[in-house]
1. Taking only protein heavy atoms and a 1.4 Å probe, what accessible area per residue, in Å², does the chain have with all protein chains in place?
2. Could you tell me the center-to-center distance, by alpha carbons, between region 258-292 and region 48-110 in angstrom?
3. Can you list the residues of region 287-316 with backbone N under 20 Å from a point 7 Å past the Cα of LEU389, pointing along Cα to Cβ?
4. Restricting to DSSP H runs of at least four residues, report the calculated mean residue ellipticity at 222 nm for the chain, -39500 (n - 2.57) per run over all residues, nearest 500 deg cm²/dmol.
5. What translational diffusion coefficient, in µm²/s and rounded to a whole number, does the Stokes-Einstein relation yield for region 178-233 at 4 °C and a viscosity of 1.567 mPa s, taking the hydrodynamic radius as the Kirkwood radius over Cα pairs?
6. Structure shown: which of LYS367/LYS400; LYS66/LYS479; LYS419/LYS446; LYS359/LYS446 lie over 27 Å apart, alpha-carbon to alpha-carbon?
7. Roughly what % antiparallel, to the nearest 5, for the DSSP beta bridges in region 177-332?
8. For ALA449 and SER397, calculate 0.36 nm times their separation in residues minus their Cα-Cα distance, and state this gained length in nm to one decimal.
Amino acid sequence: MMKRFLCSSEMLGGRLTGILVLITMFFTASCSTAGRVQPESVKQAAGIPKYIFYFIGDGMGMAHVKIADAVLEDDQVLWMTTLPVSGMASTHAENRYITGSAAAGTALATGRKTTIGTIAKNGNHSENLKTIAEMSRDNGMRVGIVSSVSIDHATPACFYAHADNRSMYSDIAVQMASSGFDYFGGGYARADLEDGKPLGKLITIMQDSGYNVIRGWEALGKAVPGQKYWAFENFDGSGALEYAIDRAPDDLTLADFTRNGIRLLDNDQGFFLMVEGGKIDWASHANDAATVAHEVVDFDLAIAEALEFYHEHPAETLIVVTADHECGGLALGYADKAYESDIGLLLSQKLSAQVFAGKVAQWTERKNVSFSMALDSAKVYFGLGNVQLDSALVLTSEEKMALRQAYTASMTGQNVGQKYGEGDPLTVSLTKLLNHKAGIGWTTGKHTALPVPVFAIGQGAREFCGIYDNTDIAKKIIKVAELQP
């Protein structure tokens, strides 16, 4: 049995099973100032974390967490929601209420606000802001940066680079080589791509700087601790890993890069490892709820790797999980469905909207797919019309008419405008229709100013209980790990 949306307020093993419970927890005695162990006492009693994990789900709001939880089997949980400490963080940038990934990433990496598009520099670009990763390196710890998007994308860049604008990909990418960090893993570098193919210039720069540049399962498995690595996997045209829903069975996952990062970084001086689930945001921009759910689960499996390490080193490890911002204004509810949400229907979707849009583009070019054939594809890839799978997937005459209009718009390239946003009309219509049948709504294809969740476990985790600003997350890590001189 698959889970459906639950409004339960029970806690099971520290797991928060409802958004209302999460918010209410902030105001209980367990999170009040009077009931807290003071920071100095915590340090004296528990020591300083030597191993620091920082997980960032790009675009991941609390609704994104719940949508992933809802599609799991009944006996499964999201590991991040089992962490005993929870909080919530605001995300605004220095110069805009709704932030972007560069400004938010800088806040999470440095504890300082900055302007939109800025990478680890102050708002007027006159000062480089030192990052937690750089502090860790300077304290003798090994450092790793992992992301499912390109390694020079905004969030990972904020931990190793300093740039006036996130679009300065070449300037950002070469700073990997001079960072002195021990491990970069996940996506390729957008700066080193031309027509989706690697140029190899950055590879040479990294190798000249002492890095082993490796690709795929076998090479990563042979990597040995004590050497520096840039490891990546098969990537799309922007340098990112494939969506989890589209990934080939033998492709490396975010969890694989995390597990091997732990293996390569582990040493007596400790390490800092930042892991980003970057494509949660991309799927949210597309309002592709099914792909979002898969991405959050995939991100959560990387967290599970850190938890396994934590259980071996509970007195020396801190794990913090958060997001840079919310994306999409995701709502677990849709007006036409009223109270009848059925989020498990999202599992009917078998590929991402991005990949399906690519198929439609081929149909348009070849002009060899009729509307009837398109409906067959809707049944295969989205479950729509497959009443044997679930009666809720039936297509009404009005829905078929709307899909025919979208099909015509896709095939002719007309009438795309505001009605279908920036996406392929047929893909947008199919994705939206499945979302609505599942009881999912979106308010935007952009970021929002909604606060984001924070989960923590380990030494110093108590500091992350409550409601605070995103800059405070970095400040708390710096404080409990005593990273500043």
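The values are calculated or read from the model by the stated rules, or taken from the named source; none is laboratory data. Here the structure is a predicted model, which means the values were calculated and not measured. FYI the Cβ positions are ideal-geometry reconstructions off the backbone, even for glycines, and counts take in every protein chain you see. Surface areas here come from the heavy atoms of the whole protein model, side chains and all, with no ligands, DNA or RNA. Shrake-Rupley method; radii C 1.70, N 1.55, O 1.52, S 1.80 Å.
1. On a per-residue basis, 40 Å².
2. Region 258-292 and region 48-110 have Cα centres separated by 11 Å.
3. Correct set: 287-298.
4. -11500 deg cm²/dmol
5. For these conditions, the coefficient is 110 µm²/s.
6. From the list (LYS367/LYS400; LYS66/LYS479; LYS419/LYS446; LYS359/LYS446), the Cα-Cα distance tops 27 Å for LYS66/LYS479.
7. 20
8. Full extension from ALA449 to SER397 adds 14.9 nm.
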